[in-house]
Amino acid sequence: MAFSMKSVLAETFVNATSSSVNTHGLHSVTFTLENALASGDFLLQAIRQHASDNAITLKEDISNSYLSVYLVPNRNATANGVDKNKFDNGDYDDTLVARRIPLSKLIQSQSGSTLYAAFEISGLPAGIDYKYAFELVLNKQPQTDWLTSSDIIALEGTEIGKPSVTIKKVEEGSAVKVTIDTAVTDDTDTFVLEVIDSTKAKMPEMSYDETVILTSNFTFDPDAKPVFTFSPTTENMRRYVNYEIRVRARKAEAGKADSASEYEVVTAEPFMLPWLSDFVDQTVIQGRQVEDTLVADLAQNILDNAQVRDQLRGALNSGSYSSVASLLYDMTRDVAVEEFQTMAIKFSQIREFLRRIALYSEIDESYAEMLDLSDPELKEAFTFVTKQGYREGIPTSYYTWLDKAFYLGAVVDTQTNKIAENKFHVTVRGSVYRDRAEILFS
C-alpha cells in the first residue's frame with residue numbers, strides 16, 4: 001500500500017521564495033511545506049506510522065527514502081504546473097533541476113506551528129522562472145502522489161546563455177595547470193569557473209554545495225589569458241579524486257542582482273591530480289609491493305640500455321652502497337612509472353568504484369555493488385590500488401583503500417548455482433588501523 005502526502009499536507013502545501021544570491025551570481029530557493037493540522041502528524045511521523053501499520057522496514061537514509069523536488073522552467077511547464085506525463089516520458093530538457101531532500105527535513109519548524117523546517121535548493125542560474133513538483137520515494141519505491149503547483153518561482157537577475165569557452169590543461173609536476181584559451185565575449189567577458197567532484201556530481205543524494213570543490217570568478221582577456229593551478233595544496237583538492245571543470249557566464253548590472261548562467265562542462269573527461277610518481281614511491285616501492293614482473297622489467301632495462309649499465313657499474317665501483325641503493329631506487333621508480341602509465345585508466349576505474357561505495361556507505365551502511373575482475377588488467381590494478389588484510393597471518397576477504405575496509409563477498413552465479421569466479425559483492429566494513437604486523441579491521 002502506497003503512502004499519500006495529500007493526507008498530511010495542507011491543500012496549499014508550500015511556500016517558495018527566492019533566497020539570497022551568492023558572490024558568483026548563483027541563486028537559491030527556500031521551500032517551506034505546510035501541514036494540514038498543527039496537532040496532526042507531520043510527514044516523517046506519518047510515514048513512520050504508515051511503515052509500522054504495513055510491516056515495512058523503513059530505510060530513512062537519503063539513498064533509499066527521500067522527497068524529490070523538481071524545478072522546471074515555466075516556459076516548459078503547463079498552466080497547472082509540471083506535467084507528470086511529460087516528466088515520465090523524458091520530454092523536459094536539461095534545464096530541469098532535481099534535488100533530493102532527506103526525510104529528516106520533513107519535521108515541524110517549531111512547536112505549535114503548521115509549518116515545516118525550511119530547506120534550500122542552491123546553485124541555480126539567475127533570471128529563470130520555475131514551476132515545481134514534489135514526489136515521495138520510500139525504500140526506492142515512488143509513492144502515488146505527484147504534487148505540483150501553478151505558482152511561479154521568479155529568480156532575480158538576468159537570464160544568460162551558456163558560455164562558449166575552451167581550455168588547455170597540462171600536468172606540471174604534482175599540479176594541473178588550466179589555461180582559459182578562448183571565450184566568446186560578445187555578451188559578457190566575466191565568467192565563473194567551478195571545480196566539481198565528478199563522483200559526487202553523479203550521486204543525486206549530494207546537493208550542489210557538496211559537489212563543488214572551489215569556485216572562482218574571472219575576466220577573460222585574450223592578451224593575458226587566465227590561468228588556474230590545482231595541486232594537492234589547493235584547498236579541498238586531493239589526489240585520487242575525479243574532477244571536472246565547469247564554466248558559467250556572469251553579469252553584474254547596476255540595479256539588478258548578480259547573475260550567472262547555466263554551466264558548460266569544458267573538460268573532455270574527468271581528471272585527477274598527478275598521482276603516478278607518488279603512487280610508485282609510496283605504494284609500490286616503500287609499500288613493498290614490488291612484484292616479479294617489475295624486477296624482470298628492471299633487469300631487462302639494464303640489459304638493453306648501455307647508459308644505465310654504465311651508471312650502475314660506476315655506482316658499484318664507487319664502493320658506496322648508498323649510491324647503489326639510490327640508483328636502483330631511481331631505476332625501479334622509472335621502470336614502474338612507465339609500466340603503470342599504460343594501466344592508469346584501470347587504476348582510476350578501481351579508485352572511482354571504491355570511492356563511490358565509500359561515499360554511499362556513509363549514507364547507507366548496507367550499500368553494496370558488484371565488482372567484476374574478469375579483466376586481468378583490472379584485477380592487477382585492484383591488487384596494487386588496495387592492500388589485503390590479514391588476521392594472524394592468514395589472508396582475509398578484506399581490502400583497504402584510503403582508510404576504508406572493503407569486504408569482498410562471494411557472488412553466486414544464478415545459472416550454475418556456483419560461486420562466480422572473479423566477481424565480488426563489495427561493501428564497506430568500517431575503518432582501518434595499521435600496525436607493523438598486519439591490518440586490523442574495526
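The values are calculated or read from the model by the stated rules, or taken from the named source; none is laboratory data. Just so it is clear, the model here is predicted, and its values are computed rather than measured. So basically every Cβ, Gly included, is an ideal-geometry build from the backbone, and we count neighbours across all protein chains shown. Quick note on the areas: whole protein, heavy atoms, side chains included, nothing else; ligands and nucleic acids left out. Shrake-Rupley method; radii C 1.70, N 1.55, O 1.52, S 1.80 Å.
Structural remarks
- Segment 284-355 - convex hull of the alpha-carbon atoms, volume per residue in Å³: 93 Å³
- Selection among Gly81, Tyr329, Ala154 by position relative to the dipole of the chain gives Tyr329 as farthest towards the positive end (Cβ unit charges, Cα centre).
- Too-long pairs where the Cα-Cα distance tops 24 Å, listed order kept, from Lys202/Lys404; Lys168/Lys404; Lys177/Lys225; Lys202/Lys387; Lys84/Lys140; Lys200/Lys256: Lys168/Lys404; Lys202/Lys387; Lys200/Lys256
- In a reduced charge model with +1 at each Lys and Arg Cβ and -1 at each Asp and Glu Cβ, the chain shows a dipole moment near 760 debye about its Cα centre.
- Listed residue (Val195, Val184, Asn35) projecting farthest to the positive dipole end of the chain, Cβ model: Asn35
- Sulfur and carbon atoms: percent of accessible area, the chain [1.4 Å]: 47 percent
- Here the gap between Tyr390 and Ala252, fully extended at 0.36 nm per residue and compared with their Cα-Cα distance, gives a gain of 43.7 nm.
- For segment 220-320, size of Cβ-based charge dipole, Lys and Arg +1, Asp and Glu -1, in debye: 240 debye
- Expressed as a whole percent, the proportion of Cα-Cα pairs in segment 1-127 lying more than 24 Å apart is 38%.
- Solution diffusion estimate, µm²/s, Stokes-Einstein, segment 220-270, Kirkwood Rh from C-alpha pairs, 20 °C, viscosity 1.002 mPa s: 154 µm²/s
- Computed from backbone phi, the HN-Hα couplings of segment 308-325 come to 5, 5, 4, 5, 5, 5, x, 5, 5, 6, 5, x, 9, 5, 5, 5, 5, 4 Hz, rounded to whole numbers (Karplus: 6.51 cos²θ - 1.76 cosθ + 1.60, θ = phi - 60°; Gly and Pro given as x).
- Once the Cβ-Cβ distance of Asp209 and Ala55 is raised to the sixth power relative to R0 = 35 Å, the FRET efficiency obtained is 0.40.
- Rolling a 1.4 Å probe across the protein heavy atoms gives segment 299-374 an accessible surface of 56 Å² per residue.
- Residues whose placed amide H lies under 5 Å from that of Phe3, excluding near-sequence neighbours: Thr144
- Coupling constants for segment 150-158 follow from the phi torsions by the Karplus curve (6.51 cos²θ - 1.76 cosθ + 1.60, θ = phi - 60°), and in residue order they are 7, 5, 10, 9, 9, 7, 6, x, 10 Hz; glycine and proline get x.
- Spacing of the two label points (7 Å from each Cα toward its C-beta) at Arg309 and Ala344, in nm: 3.2 nm
- In this structure the amide hydrogen of Trp401, modeled in the peptide plane, comes within under 5 Å of the amide hydrogens of Phe406, none closer than 5 places in sequence on its chain.
- Of Phe119, Val212, Ala260, farthest towards positive along the dipole that unit charges on Lys, Arg, Asp, Glu beta carbons give the chain: Phe119
- Rounded accessible area per residue of segment 213-262, 1.4 Å, Å²: 48 Å²
- Once the convex hull of all Cα atoms in the chain is built, its volume per residue stands at 220 Å³.
- List Thr190, Thr400, ordered by accessible area with a 1.4 Å probe, largest first: Thr190, Thr400
- Paramagnetic reach from Asn217 (point 7 Å along Cα→Cβ, amide N under 17 Å) across segment 103-129: 123-127
- Calculated FRET value between Lys379 and Leu115, using beta carbons and R₀ = 45 Å, to 0.05: 0.25
- Here segment 101-224 is treated with +1 on each Lys and Arg Cβ and -1 on each Asp and Glu Cβ, and its dipole about the Cα centre works out to around 580 debye.
- Reachable aspartates and glutamates from Lys251, criterion Cα separation under 14 angstrom, eight or more residues apart if same chain: Glu156, Glu159, Asp186, Asp187, Asp189, Glu262
- Here the contact order of the chain, divided by its residue count and restricted to Cα pairs under 8 Å and six or more residues apart, works out to 12 percent.
- Local net charge near Ser7, Cβ-Cβ under 13 Å (Lys/Arg +1, Asp/Glu -1): -3
- The length gained on full extension between Arg333 and Lys177, counted as 0.36 nm times the residue separation minus their Cα-Cα distance, comes to 53.7 nm.
- When the Gaussian network model of the chain links Cα atoms closer than 10 Å, the mean-square fluctuations of Gly430, Gly123, Gly393 top out at Gly393.
- Protein-only accessible surface at a 1.4 angstrom probe places the residues Glu159, Glu352, Glu380 in the order Glu159, Glu380, Glu352, largest first.
- Extent of segment 96-191 along its three principal axes (Cα atoms, max minus min coordinate, largest first): 57, 36, 29 Å.
- Gain in span if fully extended, Met370 to Ser68, counting 0.36 nm per residue against the direct Cα distance: 106.0 nm
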